[in-house]
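Written below as structure tokens is the structure these notes are about.
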Amino acid sequence: MNAPLEDSLTPQIRVEDDRTGLSITTLRSALADNLFYIQGKFPGTATKNDYYMALAYTVRDRLLQRWLNTTQTYRKNVKVVCYLSAEFLIGPQLVNNLINLGIYAKIRQAVEESGLSLQELIEQEEEPGLGNGGLGRLAACYLDSLSTLEIPAIGYGIRYEFGIFDQEIRDGWQVEITDKWLQYGNPWEIARPEEYVEVKFGGRSEHYYDEKGNYRVRWIPDRVVKGVPYDTPILGYQVNTANTLRLWKAEAIESFDFQAFNIGDYYGAVDAKIVSENLTKILYPNDEVIQGKELRLQQQYFFVSCALQDMIRLLLSTEVSLETFHQQFAVQLNDTHPAIGVAELMRLLVDEHRIDWDKAWHITQNTFAFTNHTLLPEALEKWPIELFGRLLPRHLEIIYEINQRFLDRVRMKYPRDLGKLSRLSLIDESGERYVRMANLACVGSHAINGVAELHTELLKKTVLKDFYEFFPEKFANVTNGVTPRRWMVLSNPRLTRLITEKIGDRWITHLDDLRKLETLADDASFRQQWRQIKQETKGDLAAYIRKKLDIIVDPKSLFDIQVKRIHEYKRQHLNVLHVITFYNRLKHDRDLDITPRTFIFGGKAAPGYFMAKLIIKLIVSVANIVNNDPDVRDRMKVVFIPDFNVTLGQRIYPAADLSEQISTAGKEASGTGNMKFALNGALTIGTLDGANVEIREEVGAENFFLFGLTTEEVYGLKARGYRPFDYYNQNAELKAVIDLISSGFFSHGDVDLFKPLIDNLLYRDDYMLLADYQSYIDTQEKVSQAYRDRENWTRMSILNVARMGKFSSDRSIREYAQKIWKVEPVPVELLQLCPGGQ
Ligand code: OX2
């Protein structure tokens, strides 16, 4: 890949030493040094991975000055944003750091002059798969923007030893392979074992009077685990700011229990270590469905307690009073996963630091803010009281106390409204008793936000209605965004160069500048260049597909792509219904003048989600039939690209002509893939769901392929009694498609294989595929027609990109900073340069 941009964009450090200099000679010798001194290899025996590691250290050395100076700057009484998230899907680091440092071309030269290929080394990097999908990737985009905007920030999360599984497809089925991302070491992190904290679990609480006769509570745990921080620098684009992502690993307090060892219990001695370390072994691979496993609650409490203790320590090290905690830190809860932080901060302040309850509550409420990411009922976290009390006995008491005080206020406002009281309560008492984490987050935060306009409105009307009525002032919307550095500059260097040639490079940090492209939409030679780039990028993806899957696809066909987690509400199977409709039309009329298409899918299914796995099986089965049918050859292909992750996303989004955003209206909170596609010039076929609504508003209805029921229509149809079977019966083309699946045509005659899926559609269809089918098919036909007019399609593509400025994560972060966190940028000066510096 050629450098997306010219080098030397970052203000350079004034004093360089041999270790961090940027001349080609210095870079080459640094690479050789790191290979020898860190990897312990001669060039003759070094593997590609050794070279990758040596290169990564070479780059890391060049960002350490910025990182350490950033940390120094923040010790001086500035307000710091702490983003608490169980997931950070940061993706590969090497290229991102090269781009943000502005040294891509130099490094490439140095690497090539050393006889190596930069592209090959880049491909060595294992991406840290520390997230499931949109929620984790959003956290990563936000860290990038926080640094680029020079806002002091720390990301706090978990250093999972095994991230999201690698997906393989065998015989059409998803197979999960353990993700061993750490097996060859991680050059981007630095362990800080000296900054460990202790986290307690279990036991009981003890109520007592202290030496001054004050009533106090202490927690006598039955287990203590050590949290060790691992820090990764998150460098901003063209700035000195490098914020920290601090991920916690669980370890045993004593890595060896000598008492047990001495009495001959070797296994017992190692046991404690194993049990403790299990805590951060694995990421739960569910997106939007809670599993309610005890280990998950342990993970949540573990990292949140580590984070809050870390903040308190930071604060106390500056000799500032703990009572100013909320003025020093703005803590964002990324969904309810870290919501236990509300009770933990109260415990730390009241029990451990002896601040009185009311003051502690004031601090707590003013510290936390809560982002909700979903309306799906199965994603609302709640923990059985029994489990909760066994693991966190003191927190349960604190939650009861918070609840009692809160419900007293509710009673005052709504006397005798028992329904309200039971819905607002932090405890669900409708059957088995549960702690409701969303309620805890709402009560304990000063701000609550949804992630797209429609989503926030629906939150206010549905799942958080009672909270909205009680605390309307807490609610705000912050529409999601994505970072243009990774999702344009890094992943689409060709388009980056073209745009920068025409309008300069300011758009990279001020995405609204893309508007300047609007007038160029009427310039035929610009359109030609635009088309050419899309063509080349599609060629790259076609080559990848051929190499990995041995499927030949035509880069001239329309690339119709749906990549995201597999979920019934996202309706990959609606896309399949179109694929089969398209196929049937071709089969029935061999001379049909159809716009050739390549249907591309990708995404992981939660390992325990049978229906999602069956959808993958269906896609692959349909692909096998279609791709081998000579009647339709050259006019359609179907591809399921395995193991969709950040790295693959970087290849796929830029190569799309059409972006599939087809969730049932009212189900997708925002979506961020929709933004990545449109930013790279794909046109969207989509429902009025999540951020699609705002994307359509921005790019213009005439540049967006809208179909399907609105949220209100979905609710209305459900309320009237939805009968999917009627749609099947009354639509001959739909019936033919469903009957073809049922007949065993795609499953070697096995009529049972897809029965669960088909029966679900015919008799339940919770996500209303059949109701939206005709509208979807008609709109797909419009897409095909539109693609024939290549000039106009290109014009629409350019206009899409030109009008996507709103969806930069920089804009989202500015909104959080102003509306919620009340923080300002703090530029970092490189004052202390060492070693070898002044
Ligand atoms: C996802 C939402 O499904 C998606 O719509 C949104 O764009 C993303 O979060 C970032 O806000 N788990 N994943 C999500 O929500 C939950 C819960």
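Laid out as a table, the results:
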quantity	calculated
Inter-label distance for E713 and Y208, nm, one decimal - labels placed 7 Å from Cα along Cα-to-Cβ	6.7
Translational D in µm²/s for region 397-529 (Stokes-Einstein at 25 °C, 0.890 mPa s, Kirkwood Rh from C-alpha pairs)	130
Surface/4 of the Cα convex hull for the chain, nm²	38.7
Packing-based order for 132-144, 178-190, using average beta carbon neighbours within 10 Å, highest first	132-144, 178-190
Ellipsoid equivalent to region 756-838 - semi-axes via the Cα gyration tensor, in Å	49, 25, 15
Distance between region 666-727 and region 542-620 - C-alpha centres, whole angstrom	19
Volume in Å³ per residue [convex hull over Cα atoms, computed for region 493-544]	75
Computed Kirkwood radius, in angstrom, where 1/r is averaged over Cα pairs of region 278-375	14.5
Long-range Cα-Cα pairs in region 24-92 (distance over 21 Å), rounded percent	49
Where labels lie 7 Å past Cα in the beta-carbon direction, separation of T519 and L592 in nm	4.5
Calculated [θ] (222 nm, deg cm²/dmol) that DSSP helices of n ≥ 4 give over the chain, each run adding -39,500 (n - 2.57)	-13500 deg cm²/dmol
Among 233-246, 758-771, 671-684, 466-479, the order from most to least packed when residues are scored by Cβ within 10 Å on average	671-684, 233-246, 758-771, 466-479
Surrounding net charge for H326, when Lys and Arg each add one and Asp and Glu each subtract one, Cβ distance under 12 Å	+2
Quarter of Cα convex hull surface for region 181-230, i.e. mean projection, nm²	5.8
Net charge dipole size for the chain [Lys, Arg +1 and Asp, Glu -1 on Cβ; Debye, nearest 20]	820
Computed over region 531-578, Kirkwood Rh from alpha-carbon pairs, angstrom	12.4
Kirkwood Rh and Cα Rg combined as Rg over Rh, evaluated for region 368-440	0.98
Net charge over other residues, Cβ less than 12 angstrom from the Cβ of S430 (K, R count +1; D, E count -1)	+1
Counted charge near E211, where neighbours are those whose Cβ lies closer than 15 Å (Asp, Glu -1; Lys, Arg +1)	+3
Burial order of peptide ranges 194-200, 436-442 (average beta-carbon count within 10 Å, highest first)	436-442, 194-200
Calculated on alpha-carbon atoms, Rg and Dmax of region 491-807 in Å	19.3, 59
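No value in this document is a laboratory result; all are computed from the given coordinates. The structure presented is a predicted model; accordingly, all values stated were derived computationally and were not measured. Note that we place each Cβ from the backbone using ideal geometry, even for glycine, and neighbour counts take in every protein chain shown.
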